[in-house]
1. Are there any pairs with C-beta distances below 7 angstrom linking a residue in the range 555-573 that is assigned by TED's automatic domain parsing to the domain that holds ASP615 and under 18 Å from LYS595 (Cα atoms) to a residue that is among the hydroxyl-bearing types (Ser, Thr, Tyr) and outside any helix (DSSP H, G or I), with the two at least 6 apart or on different chains, and if so which?
2. State whether the residues of the range 223-244 include one that is assigned to a helix (DSSP H, G or I) and more than 10 Å from the ligand (Cβ to nearest atom).
3. What is the residue count in the range 245-270 for residues that are assigned to a helix (DSSP H, G or I) and within 16 Å of the ligand (Cβ to nearest atom)?
4. Do any strands (runs of 3 or more DSSP E) lying entirely in the range 273-352 carry at least 2 residues that are of a type in the set (Val, Ile, Thr), and which ones are they?
5. Give the range 34-55 a look and list any residue that's of a type in the set (A, V, I, L, M) and near the ligand (Cβ under 10 Å from one of its atoms), or say none.
6. Within the range 56-104, can you find the residues that are over 22 Å from the mean Cα position of the chain (by Cα), more than 13 Å from the ligand (Cβ to nearest atom) and β-branched (Val, Ile, Thr)?
7. Give just the number: which of (1) within 15 Å of the ligand (Cβ to nearest atom); (2) of a type outside the set (D, E, K, R); (3) within 30 Å of PRO253 (Cα to Cα) does GLY296 not satisfy?
Amino acid sequence: MKKFYITTPIYYVNAEPHIGSAYTTIMADIVARYKRMMGYDVFFLTGTDEHGLKILQSAKKKGKDVREFCDELAGKFKELWKDLKITNDYFIRTTDPDHEETVKFFVRKMVENGDVYKGKYSGWYCVHCETYYDEDEVEEIDGKKVCPVCKREVKWVEEENYFFKLSKYNEPLKKLFEENPDFVEPEFRKNEMLKILEKGLKDISITRTTFKWGIPFPGDEKHVIYVWVDALINYVSALGYGRKDSEKMKYWPADVHLIGKEINRFHSLIWPAMLMSAGLDLPRKVFAHGWLTVNGQKISKSLGNAVDPREFVKKYGNDVVRYYLVRDIVFGKDGDFSEEKLVNRLNADLANDYGNLLHRTLAMVKKYFNSSVPSPGKSGGMDDELKKRTEETVNSYIELMDSLRLTEAVEKVWEYISFLNTYFDRERPWILAKEKNEERLSAVLYNTLEGILKVAMMAMPIMPDTSEKVLRRIGFNEEIKPEPLTSWGVLKSGSRAIHGKPLFEKIDVKKLKKVAEVKKLEEKDNIITIDEFGKVDLRVAKILKAERVEGSEKLIKMEIDVGELGKRTLVGGLAKHYTPEELVGKLIIVVANLKPRKLFGIESQGMLLAAKIGDKMKLLTVEGEIEPGAKIS
Ligand code: MSP
């Protein structure tokens, strides 16, 4: 069996996954499912990138232990992929001990090959992108040096580091690009890489000494391996390279590394050079897709538009979101995600073109053939054209999918659906029924069903649940193999068809717009509903003990009594306003159902309320005496 190995980037666990990370994973899933359907032995890898300064800082900011922080976020990625029905064969984490073992082995190979030396590094560093930049690469905004990719401020770094002789591989890389013109796609992305090679690659620093959150450099444990070197090696460590359990190395080299455009240089230049140095085969292709914006804006946490794909999956269904993404965002180019466009696609392409075709065909099979798939009948009318068109569509679909032109492949399928609708309309089965022309009636319905079978199969990698449903409804209950796609007349006459409910429900776009407008107004005025307010559990609590938190100027740790809810620990920023002695005995108001969080290593189980103006701060309390635990409403 032919093998196929596809990877996504491993995502940083500094924040929760959003529609951007889901985009790459869904596209990779489409390719993986397609290859499986075509009979390949597929290995599909995704995972998380967990070392480096960025993750360390994010964990610290949240007051969390870095390992716990990584576990929590890696879990969120895993959960999301499960919810989105992603069919990855493995999930790698760079904090896995197995990965660490492979990274050390790999780096040792590079050292043995004479490609690593000690030197002094000085230059700019972007923590967000975990990327080094030369003076001529950084940009300047408002007098500040910023990263050319994410525009965040860069830091000046001076360290004694180990370097990788990347420059040595400039010529071999040029040769690789010459001999494999499709190595990097799309072509304009390849040209960007060629320009860098023309300018000439410089050696890169591959270790850091100023923090410890990484894999120790073999032989000099003062250094940790640069997070990008650590991360890229995931593609072979997931297969067991350099370890005892290396039988999965049969999948190497990767057939496609699917990535976003901003990390192309790492995958198309640095990674192949590292592989050459370690003496491994090179990946067959790097495909760098474009970036998604949301309603025209860059996706960012601070803009609050880091859309959780689950929101849309819940509302419209997983298959609809997948279809919309692959159809509307031309694969390889930048594109914009918008709910309105998604709904338009749902209404037009799915409910109208596809859903109606199935519905009206099955309605007639039910009416005239008692829901049993009719016989192929007598050939005539547009039948030959339909068969020719089917063959052409299937052939170009396969060619386009194989060359990762996913959007075009889907377009072809929907052009074919449109043709099937024309076929049905022109052949007018309702007239054939009236005329009692049973041979032609059964032929037209059979052929349309057979066409729908091809559609369901071609759409299988994109809309797996819908396709399964459609196949069942048209009476096709066999195993999914390439043959039913490539040969005509597969449906068995006499199998049971199921009419059922429409495949997709249409959405009223006008209503949707109104809801969005109201939501916007509410957000603008900061209005919440009574139900939202009702979720906050406010209680009276009595401070039993209070002491300053060591090492912090602001924080005071308190033990409070919340009546029926028991005793709790609370940490609050009160030290500049109250002494611990002043606090003991006070009745305060607390939010009792807030998720606990750690501050200076102490878990705070709630939040107290206080009024604040300028530097002044006063605790909220109640008039007179009341039992601790009293509810505030
Ligand atoms: N950890 C590195 C990758 C190491 S691979 C050896 C990294 N991680 S990341 O979390 O920043 O993820 C980057 C990838 O997420 C992009 O390359 C892209 O695949 C995906 N996307 C993140 N935001 C995206 C959009 N707004 N649009 C499309 N894809 C996006 O870089």
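1. LYS557/THR569; GLU559/THR569; THR569/SER604; LEU570/SER604; VAL571/SER604
2. yes
3. Counting residues in the range 245-270 that are assigned to a helix (DSSP H, G or I) and within 16 Å of the ligand (Cβ to nearest atom) gives 10.
4. Where strands (runs of 3 or more DSSP E) fall fully within the range 273-352 and carry at least 2 residues being of a type in the set (Val, Ile, Thr), they are 292-294.
5. ILE55
6. Of everything in the range 56-104, those that are over 22 Å from the mean Cα position of the chain (by Cα), more than 13 Å from the ligand (Cβ to nearest atom) and β-branched (Val, Ile, Thr) turn out to be VAL66, THR102.
7. So GLY296 meets the others, but not (3).
Every residue, every condition in (1) among the β-branched types (Val, Ile, Thr); (2) in contact with a helix residue (DSSP H, G or I) (Cβ under 6 Å, 6 or more places away or on another chain); (3) part of a strand (DSSP E or B), yes or no:
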| site | (1), (2), (3) |
| --- | --- |
| LYS520 | no, no, no |
| ILE528 | yes, no, no |
| LYS545 | no, no, yes |
| SER552 | no, no, no |
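The values are calculated or read from the model by the stated rules, or taken from the named source; none is laboratory data. The structure displayed is predicted, hence computed values, not measured ones. In this analysis, Cβ positions are derived from the backbone assuming ideal geometry, glycine residues included, and neighbour counts consider all displayed protein chains.
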